[in-house]
1. Among the residues of the range B:136-147, is any at the interface with chain A (Cβ under 8 Å from one of its Cβ atoms) and among the basic types (Lys, Arg)?
2. Can you confirm whether residue B:274 is within 14 Å of another protein chain (Cβ to nearest Cβ) and within 22 Å of residue B:48 (Cβ to Cβ)?
3. Take the residues in the range A:121-133 that are open to solvent by 50 Å² or more (accessible area, probe 1.4 Å) and more than 7 Å from chain B (Cβ to nearest Cβ); name whichever of them is farthest from residue A:213 (Cα to Cα).
4. I need every pair where a residue in the range A:62-78 that is touching a residue at least 12 places away in the same chain (Cβ under 8 Å) has its Cβ under 8 Å from the Cβ of a residue that is in a loop (DSSP other than H, G, I, E, B) and among the aromatic types (Phe, Trp, Tyr), sequence separation at least 6 or different chains.
5. Confirm whether residue B:284 is farther than 20 Å from residue B:107 by Cβ, under 16 Å from the mean Cα position of the chain (by Cα) and either without any contact (Cβ under 8 Å) to a residue 24 or more places away in the chain or crowded, with 20+ Cβ neighbours inside 10 Å (or both).
6. If you go through the range B:138-170, how many residues are more than 15 Å from residue B:222 (Cβ to Cβ) and outside any loop (DSSP other than H, G, I, E, B)?
7. What number of residues in the range A:23-58 are within 27 Å of the chain's Cα centre (by Cα) and among the basic types (Lys, Arg)?
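The values are calculated or read from the model by the stated rules, or taken from the named source; none is laboratory data. Small disclaimer: the values here were computed from a predicted structure and weren't measured. Cβ sites come from the backbone with ideal geometry, for glycine too, and all protein chains shown count toward neighbours. Just so you know, the surface numbers come from the protein's heavy atoms only, side chains and all, with ligands and any DNA or RNA stripped out. Shrake-Rupley method; radii C 1.70, N 1.55, O 1.52, S 1.80 Å.
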2 protein chains.
Amino acid sequence: MLTILFSAAPKDWPDYAERLPAALATAGIDARVVTETDAPGAVDYIVYAPSGRLRDFTPFTRARGVLSLWAGVETITGNATLTQPLVRMVDPVGLTEGMVEWVAGHALRHHLGMDRHILAAPGAWDQDCPPLARARPVAVLGLGELGAACAQALAALNFPVRGWSRRPRDVAGVACHHGDDGLGAALAGAEIVVLLLPLTPDTENLMDAARLALPAPGAVLLNPGRGALIDDAALLAALDTGQIGHATLDVFRVEPLPADHPFWSHPRVTVTPHVASTTRPETAAPRIAASVAEMEAGRVPAGLVDRSRGY
Amino acid sequence: MLTILFSAAPKDWPDYAERLPAALATAGIDARVVTETDAPGAVDYIVYAPSGRLRDFTPFTRARGVLSLWAGVETITGNATLTQPLVRMVDPVGLTEGMVEWVAGHALRHHLGMDRHILAAPGAWDQDCPPLARARPVAVLGLGELGAACAQALAALNFPVRGWSRRPRDVAGVACHHGDDGLGAALAGAEIVVLLLPLTPDTENLMDAARLALPAPGAVLLNPGRGALIDDAALLAALDTGQIGHATLDVFRVEPLPADHPFWSHPRVTVTPHVASTTRPETAAPRIAASVAEMEAGRVPAGLVDRSRGY
């Protein structure tokens, strides 16, 4: 029988206390799930979120995998005590669909100029129509599970979509660019820019003053990726000049975003409180069980992190 | 050479003055387009919008078709002087894509609860997440060109979609209902209801108090169809009880919607000023030319109105 340590915020445990053992049983894994242990050397797998207390992985000498409940793993990849294989959450239903819905919704909100109708004064009857989506270029930076799914959903809504990733990728219906040279081509003239990159030393502050100058004047920035992908001061400056017409931000360097942060009160910024996509226990528990099953069978699970890349 | 009378608001003419003759030439039609005529008996086709002055079609004894610039033709089908074939605008690019974008955008806006973030006070960090779209039933009433396209776009976003039409229809990926008996099944428990029916004596006030009670409590109503599909007083009552949680309305019995109409100030109503979809000259002009070409060749053009049905 395997021993699986669940190490996340105590508030998360009730969501998994029944689901995770049930999902493991369904996957044919004989395991017990514990939230504490006196014998770390006997733990086979660790289900992990940074919201839990675990910081030192050294005592888990037998652990064959650390399974992150989160898709973003930048807070753990720098942990020198973590020598076990790390698996980030890949959940095509819960995580991916939720992200597609947030990105498509906010892209269409800005495309349609919805805010002026939501906030309209009585009698406001301005019939200016937006162009069709087919005339509104969108750039999606990051073509992993989430970025590729969002790029395809936006393409299905008729937006012309350019994608960008560090290494070459091929996403049907999306004009894919890659590498340092490709970033300018993806951003140039884009009217909506979506950030879905992992946070690594290479991507931190990717959207600096120079990159923020590349999209079309008045472009909209959507960031459901990671806060530190953006140079906050450069973004505020670009919003003030109107080069960036609006930023809808779901992630921040410090969360919750402090109430006195200028993003809250800037008229061209919408803050959503890290809700673009969330790990949903009903779909995440079976994914954890599947990763355990794959690793026990000696196979590579979806989402195995390449520590040299950082994701 | 054919004579084609363009009868719409004078402000519309500059959009068509070059495009329409060019589109006719491209379609191989030898024609001149006029905005006035002293010889109505010599007119072969009439391009028509209710915003023009034409009300009496009797003198156009040779006219073989009246080609509406608008998709909705309820203001003309009751005109007893109109004995010529009437063709409503069917424009898979301009009209249909615009409508799909408005419907998908507002469905996602309500699905995601976007307004509370757009209007959030600084520091508001409430991480309640919506369910996934797959858990949010949507009903689309009307499965013509616009309704079917919107139903499929919503299904592609993973909403479970029920469609309803007067006569049986089959739309891939949509649970289709029809007739009086099917309406209850389409509406029951729906969390978002989209109205895309033509306005006819059968559909006027379709959404009355009894029908508004069928969707799930707090359901959202989107009306980009025609204002008179809804019993306004019944809708206001349903909004006041919360049975309808929000209504986003693009069309009204009187347009522009008078500034003192209660829809403007109701906290659960968003007014958009008849912009959900608009006839776009760049795509509409080729459609008009195509209809002329079809009719000259003795074929039935897309959008030929069945006067007994009213659309």
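1. Initially, the range B:136-147 is screened for residues at the interface with chain A (Cβ under 8 Å from one of its Cβ atoms), giving none.
Checked against the condition, which is being at the interface with chain A (Cβ under 8 Å from one of its Cβ atoms) and among the basic types (Lys, Arg), the range B:136-147 yields no hits at all.
2. Working: within 14 Å of another protein chain (Cβ to nearest Cβ): yes; within 22 Å of residue B:48 (Cβ to Cβ): yes.
When the stated conditions are applied, residue B:274 passes them.
3. A:121
4. A:63/A:57; A:66/A:57; A:73/A:311; A:74/A:311; A:77/A:311
5. Numbers: farther than 20 Å from residue B:107 by Cβ: yes; under 16 Å from the mean Cα position of the chain (by Cα): yes; either without any contact (Cβ under 8 Å) to a residue 24 or more places away in the chain or crowded, with 20+ Cβ neighbours inside 10 Å (or both): yes.
Yes.
6. So in the range B:138-170, the residues more than 15 Å from residue B:222 (Cβ to Cβ) come out as B:143-145, B:148, B:152, B:155-156, B:158, B:160, B:165-170.
This time we only want the ones that are outside any loop (DSSP other than H, G, I, E, B), so: B:145, B:148, B:152, B:155-156, B:165.
Total satisfying the criteria: 6.
7. Selection size over the range A:23-58: 2.
Residue-by-condition table, conditions (1) of a type outside the set (Phe, Trp, Tyr); (2) away from every other protein chain (no Cβ under 11 Å); (3) under 23 Å from residue B:189 (Cα atoms):
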site	(1), (2), (3)
B:213	yes, yes, yes
B:220	yes, yes, yes
B:229	yes, yes, yes
B:242	yes, yes, yes
B:248	yes, no, yes
B:254	yes, yes, no
B:258	yes, no, no
B:264	no, no, no
B:269	yes, no, yes
